[in-house]
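The values are calculated or read from the model by the stated rules, or taken from the named source; none is laboratory data. None of the values given here were measured: they were computed from a predicted structure. Don't worry about glycine lacking a Cβ; one is built from the backbone with ideal geometry, like all the others, and counts go over all protein chains shown.
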Amino acid sequence: MRLFRLILLLFCLSILGEPLYALTPQQKRERAKEMQLRKREAAKRKAEKKRAAKAKAAKKKRIKEGKLMLYVYTFDLRTGEPLPSTHLIVQDVNARPGRKPKINKPTDTKRSRVNKTLPAGQYYATASKIGYFTTDTLFFDHRMDEDSVFLSLYPETRILFTVTDSLTSRPVVANIVVRNHAGQKVMQTTSDSLHARIAALLDDRIPFYTIDASAVDYFPFHDTIIPAQGFDGVVMQPKEIKSFVLHNIYFATGKTRILDSSEPALNDLYRFLTLRPNQRIRIVGHTDDIGSDRSNQILSEGRCKEVKQEMIQRGILPERIEIEGRGERDPILPNTSEENRQLNRRVEIVLL
């Protein structure tokens with residue numbers, strides 16, 4: 001009988017999951033962690049079940065009251081990625097003019113969406129974000145609970161260009177008009193004499209744009225912009241001009257060697273001659289009064305020859321260019337200060 005009771009006790013303990021031996025401290029800690037994990041999972045399931053029941057009850061209440069949940073999502077049309085912080089406007093189609101929109105707020109940063117309960121009916125929605133084109137107005141029916149609306153925005157292509165004088169490369173005050181391939185005006189602005197750079201926000205899905213520029217004392221400018229290829233800029237041609245000073249060209253002191261820092265000025269002169277393939281010029285060199293008349297005459301002629309050689313190396317025909325050294329004979333200002341002497345040391349381009 002005692003043996004039978006002992007066997008029965010061991011059998012019951014095995015059914016209850018109790019070990020038939022003493023647990024080590026490590027096993028006790030692991031078992032305690034396991035029990036805590038089970039409790040947390042059970043509490044989590046209970047909370048989820050509670051939330052689901054609450055959401056179900058809220059849904060029934062919304063439907064009963066005629067208020068249906070609407071979700072509006074925004075995303076990038078090119079990449080398909082969500083677009084957080086996109087401003088949304090949703091309004092009832094039958095709303096009176098000037099009435100406050102039903103939704104007027106940005107999408108959240110987590111799901112790129114806005115959700116709100118609205119009565120069943122017809123609505124329209126638009127979305128806007130810096131760097132993207134504003135969406136077309138989307139009309140939709142809101143008839144079911146948890147309706148979803150998706151708005152896609154296409155990124156703008158930012159084209160930067162300058163409006164400059166073909167002779168001096170300086171900014172020009174000009175009226176700029178950009179039209180799309182259908183002739184519709186998409187941009188109108190005015191450049192200024194201080195900031196030559198202009199930004200045009202274009203759609204690279206459109207094959208091409210046209211740009212027109214007009215300015216006082218300049219010939220009209222017309223060109224085509226292909227967004228995918230960029231744009232070189234607006235170069236305005238003066239109507240009446242006989243000569244101009246080639247600014248920012250530098251020579252070694254007392255020598256004819258052109259310094260590397262003169263490259264932009266040489267490029268401007270080459271560009272001018274390229275844009276006017278039939279134009280002949282005379283390069284005239286001037287110096288200050290430091291040194292003898294003879295040495296200054298030789299120096300001015302040598303510097304003109306160097307500039308001419310630079311143009312020939314770039315592909316300009318030699319017969320289009322004459323040179324003349326004037327030495328110190330034609331100063332702009334009296335050679336009484338270093339500032340005046342610096343202005344008198346110049347290279348002048350005369351149109352023939």
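See the values below:
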{"read-out": "Every residue from the range 266-276 that is touching a helix residue (DSSP H, G or I) at 6+ places or on another chain (Cβ under 9 Å) and either of a type in the set (A, V, I, L, M) or surrounded by fewer than 12 Cβ atoms within 10 Å (Cβ to Cβ) (or both)", "value": "266, 269, 273"}
{"read-out": "Residue among 139, 161, 150 that alone is part of a strand (DSSP E or B), of a type in the set (Phe, Trp, Tyr) and closer than 23 Å to residue 79 by Cα", "value": "150"}
{"read-out": "Filter pass, residue 300 being surrounded by 14 or more Cβ atoms within 10 Å (Cβ to Cβ), free of Cβ contacts under 8 Å to residues at least 24 places away in the same chain and outside any loop (DSSP other than H, G, I, E, B)", "value": "no"}
{"read-out": "Members of the range 334-352 found to be part of a helix (DSSP H, G or I) and surrounded by 13 or more Cβ atoms within 10 Å (Cβ to Cβ), listed by number", "value": "340, 341, 343, 344"}
{"read-out": "Unmet criterion (only one of (1) at pLDDT 90 or above; (2) assigned to a loop (DSSP other than H, G, I, E, B)) for residue 195", "value": "(1)"}
{"read-out": "Residue match in the range 312-323 (condition: touching a strand residue (DSSP E or B) at 6+ places or on another chain (Cβ under 9 Å), surrounded by 14 or more Cβ atoms within 10 Å (Cβ to Cβ), of a type in the set (D, E, K, R) and outside the structural domain of residue 215 (by TED's automatic domain parsing))", "value": "yes"}
{"read-out": "Condition broken by residue 331, with the remaining ones in (1) under 44 Å from the mean Cα position of the chain (by Cα); (2) assigned to a loop (DSSP other than H, G, I, E, B) satisfied", "value": "(1)"}
{"read-out": "Condition check for residue 97: touching a His at 6+ places or on another chain (Cβ under 7 Å), at pLDDT 85 or above and of a type outside the set (A, V, I, L, M)", "value": "no"}
{"read-out": "Criterion: modelled with pLDDT of 85 or more and among the aromatic types (Phe, Trp, Tyr) - qualifying residue of 4, 75", "value": "75"}
{"read-out": "Test for residue 88: is it buried (at least 18 other Cβ atoms within 10 Å of the Cβ), farther than 30 Å from residue 234 by Cα and in contact (Cβ under 8 Å) with a residue 60 or more places away in the chain", "value": "yes"}
{"read-out": "Test for residue 165: is it surrounded by 19 or more Cβ atoms within 10 Å (Cβ to Cβ) and of a type in the set (Asp, Glu)", "value": "yes"}
{"read-out": "Subset of the range 40-72 that is small (Gly, Ala, Ser) and modelled with pLDDT under 75 - its residue that is nearest to residue 125 (Cα to Cα)", "value": "66"}
{"read-out": "Test set (1) free of Cβ contacts under 8 Å to residues at least 24 places away in the same chain; (2) closer than 18 Å to residue 305 by Cβ; (3) not in a helix (DSSP H, G or I) - residue 254 fails condition number", "value": "(1)"}
{"read-out": "Condition broken by residue 137, with the remaining ones in (1) under 29 Å from the mean Cα position of the chain (by Cα); (2) surrounded by 13 or more Cβ atoms within 10 Å (Cβ to Cβ); (3) not assigned by TED's automatic domain parsing to the domain that holds residue 231 satisfied", "value": "(2)"}
{"read-out": "Residue 285 closer than 30 Å to residue 219 by Cβ, of a type in the set (Gly, Ala, Ser), assigned to a strand (DSSP E or B) and not assigned by TED's automatic domain parsing to the domain that holds residue 219", "value": "yes"}
